[in-house]
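Contents: one structure, followed by commentary.
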Amino acid sequence: MANLEKIYYINVGQGGTFKKSGDYDSSPSDVDNLFKYLEENDIERLLVYFHGGLVNETSGMGSAEVMRANFVDAPSKTHAVTFVWETGLWETIVENLSSKSSDNQFRKVLNFVIKLIGKKIGIDSRGGGETLDTATIEAEKRKEYPFAELNDQLKNTTDQGSRGGSILFDEEDEIGFFADLKKDSDDMIQAEGEMAAEEIEVAAADPDAGDSRGLLLTIGTLVAKIAFAVLKRYAKETHHDFYPTVVEETFRKLYIDQIGKWGWSEMKEKAREMFADNEGLSGDDLHAGTYFLKLLEAHYQKRQTAGKKFTIELVGHSAGSIAICNMLAVTSENFKELKYNNVVFLAPACRTDLFIAKGIPAKENGVFKKFKMFTMQEQYEKKDYCVRYLYTYSLLYLVSGLFEDETDAKIMGLHEQFKAEDRYSKFEELKVINRFITSNKLALSKDIENADNSMWTDSLRHGDFDNNSATLKSILSTINRV
């Protein structure tokens, strides 16, 4: 990998430019040389790959090598180039989340929240109105699908409505509802021999009016606030099932979410900046994606004029789909002669509204011909843990619940959402995205028995789609079809 030739990757630096930001770099002249190579070797097919966001440079270069090994083929005149646009924050995020999972104070708060919600909806550990005990909770956390009973109970309570059965949330009197939760929280904590007035440090001043005391909240108040947020999300139908929602709201209240949200926002900004305008810029200040598109369009036109075959395939994994959405929009506006063949998304982390705004119009206007998406079925997405025993759902759920501005943000690769069924059937944007996906090609993992081998995939981890053998073979089969 250290000796990977520069014709196989474009390293994107600070601000989406060619400025060096690590051990590897690319320059405008390197991109010039790439197109010289394409011309001299009469390349007829170019695969352009965008890896996922938040990865470090080493992982990004590893992806470039995977693309080279699987798709570069001299006999078929196929070349592959990877945009290495690392932000390198995933390790930091996981480290911060993991460190909290072993923190006694954090675990104490998390367990009290689970007990309080369990009591609120009428679930106990042994019957007779007793709250879930700590041993039961710890045992549940280590299951592949934690708190399945609570998931079912909360769903049934939600289906009954806030006035039927157990009162899940009182939207007409939120202040009174929280006051009752706070009393129940204090009573429960004191009954276990703990001090409800014990103060918990959070990473920033609590924004809620009334009981904020800078960096400190009483444990009774903190537990009640988290439980309140979880129950409200169930009432609003923006939850991610019980345990992931509890963990998300605990992170949010302790402001751990800001670590991931900041990193995710930076990554999205870089995905946009690499295709920013280059007017008045030169050298390493040029935006790498835009410079690439300028040369790509010129090369494409030259091949077209000469009557030579040249097809362009776009493949993006996870946040790479965000970069492709921006690429399609800029192509539509500024590089109108360019036409792409396939757009292939692997577990896309782009927002559905972004794709509706930039991806669907590009398809309708003929900027690309065909679309295919590989992603996991809902059941597998909910077994793909981000942090073992702590956040037990996939990265796409974490992005949806914590890293975007709203809770339960609509993410294109989330099967539960784009099915547009049950609680998600009321969202028009999900109906739009569902119609688009189902009218094109959708490969849901796990499927290696499909009669069409271009639809095979058996990746059961979000991060594995771009090195999963079945998926890579399917992509190759896809681009080999006229």
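Does A298 satisfy the criteria of being under 30 Å from F71 (Cβ atoms), open to solvent by 40 Å² or more (accessible area, probe 1.4 Å), part of a helix (DSSP H, G or I) and not charged (D, E, K, R)? The answer is yes for A298.
If you take the residues of region 468-482 that are among the aliphatic types (A, V, I, L, M) and touching a residue at least 24 places away in the same chain (Cβ under 8 Å), which of them is surrounded by the most Cβ atoms within 10 Å (Cβ to Cβ)?
Within region 468-482, the subset among the aliphatic types (A, V, I, L, M) is 470, 472, 475-476, 479, 482.
Still in the list and also touching a residue at least 24 places away in the same chain (Cβ under 8 Å): 472, 475-476, 479.
Numbers: L472: 22, I475: 27, L476: 17, I479: 22.
Out of the qualifying residues, it is I475.
Between A69, A74, the distinction of being over 17 Å from K473 (Cβ atoms), without any contact (Cβ under 8 Å) to a residue 60 or more places away in the chain and open to solvent by 40 Å² or more (accessible area, probe 1.4 Å) belongs to A74 only.
Taken together, the criteria exclude F355 from residues that are within 26 Å of D452 (Cα to Cα) and either touching an Asp or Glu at 6+ places or on another chain (Cβ under 6 Å) or modelled with pLDDT of 95 or more (or both). Looking only at residues in region 154-198 that are more than 24 Å from R423 (Cβ to Cβ) and open to solvent by 80 Å² or more (accessible area, probe 1.4 Å), the one that is modelled with the lowest pLDDT is M195. Among the residues of region 358-396, which ones are at pLDDT below 95, among the aliphatic types (A, V, I, L, M) and within 16 Å of the chain's Cα centre (by Cα)? Correct list: V387, L395. Contact map, region 348-367: first residue aliphatic (A, V, I, L, M), second residue in a loop (DSSP other than H, G, I, E, B) and open to solvent by 60 Å² or more (accessible area, probe 1.4 Å), Cβ cut-off under 8 Å, separation 6 or more or different chains; pairs are V367/K339. The residue that is farthest from the chain's Cα centre (by Cα), among those in region 217-269 that are among the aliphatic types (A, V, I, L, M) and open to solvent by 10 Å² or more (accessible area, probe 1.4 Å), is A235. Scanning region 429-445 for residues that are more than 14 Å from L354 (Cα to Cα) and out of contact with any Ser or Thr (no Cβ under 7 Å at 6 or more places or on another chain) returns K431, N434, R435, I437, T438, S439, N440, K441, L442.
Of everything in region 28-60 that is part of a loop (DSSP other than H, G, I, E, B) and small (G, A, S), the residue that is farthest from K339 (Cα to Cα) is G53.
Would you pick out the residues in region 1-50 that are open to solvent by 20 Å² or more (accessible area, probe 1.4 Å) and aromatic (F, W, Y)? Passing the criteria: Y8, Y24, Y37.
Restricted to region 364-373, and to residues there that are assigned to a strand (DSSP E or B) and not aromatic (F, W, Y), the residue that is most open to solvent (accessible area, probe 1.4 Å) is K369.
Of these, N151, N111, N104, which one is of a type in the set (S, T, N, Q), open to solvent by less than 40 Å² (accessible area, probe 1.4 Å) and modelled with pLDDT of 80 or more?
Working: N151 fails: modelled with pLDDT of 80 or more; N104 fails: open to solvent by less than 40 Å² (accessible area, probe 1.4 Å).
That would be N111, the only listed residue that is of a type in the set (S, T, N, Q), open to solvent by less than 40 Å² (accessible area, probe 1.4 Å) and modelled with pLDDT of 80 or more.
Note on region 25-83: residues that are over 17 Å from A288 (Cα atoms) and among the acidic types (D, E) total 6.
Filter region 331-348 down to the residues that are among the hydroxyl-bearing types (S, T, Y) and part of a strand (DSSP E or B) and list them by number. Write out each step before concluding.
Narrowing region 331-348 to residues among the hydroxyl-bearing types (S, T, Y): 331-332, 340.
Once the filter is applied, which keeps residues that are among the hydroxyl-bearing types (S, T, Y) and part of a strand (DSSP E or B), region 331-348 yields only Y340.
Among the residues of region 349-363, the ones that are open to solvent by less than 20 Å² (accessible area, probe 1.4 Å) and either aromatic (F, W, Y) or outside any helix (DSSP H, G or I) (or both) come to 3 in all.
Tally the residues that are without any contact (Cβ under 8 Å) to a residue 60 or more places away in the chain and either over 18 Å from M274 (Cα atoms) or in contact with a helix residue (DSSP H, G or I) (Cβ under 6 Å, 6 or more places away or on another chain) (or both), restricting the search to region 1-20.
Keep residues of region 1-20 that are without any contact (Cβ under 8 Å) to a residue 60 or more places away in the chain, which gives 2-3, 5-6, 14.
Going one step further and asking which of them are either over 18 Å from M274 (Cα atoms) or in contact with a helix residue (DSSP H, G or I) (Cβ under 6 Å, 6 or more places away or on another chain) (or both), we end up with 2-3, 5-6.
The qualifying residues number 4.
Within region 436-482, the set of residues being over 21 Å from the mean Cα position of the chain (by Cα) and of a type in the set (D, E, K, R) comprises D447, E449, D452, K473, R481.
The values are calculated or read from the model by the stated rules, or taken from the named source; none is laboratory data. These numbers come from a predicted model, not from an experiment. Cβ: placed from backbone, ideal geometry, glycine included. Neighbour counts: every protein chain shown. Ligands, DNA and RNA are excluded from the accessible area calculation, which covers all protein heavy atoms including side chains. Shrake-Rupley method; radii C 1.70, N 1.55, O 1.52, S 1.80 Å.
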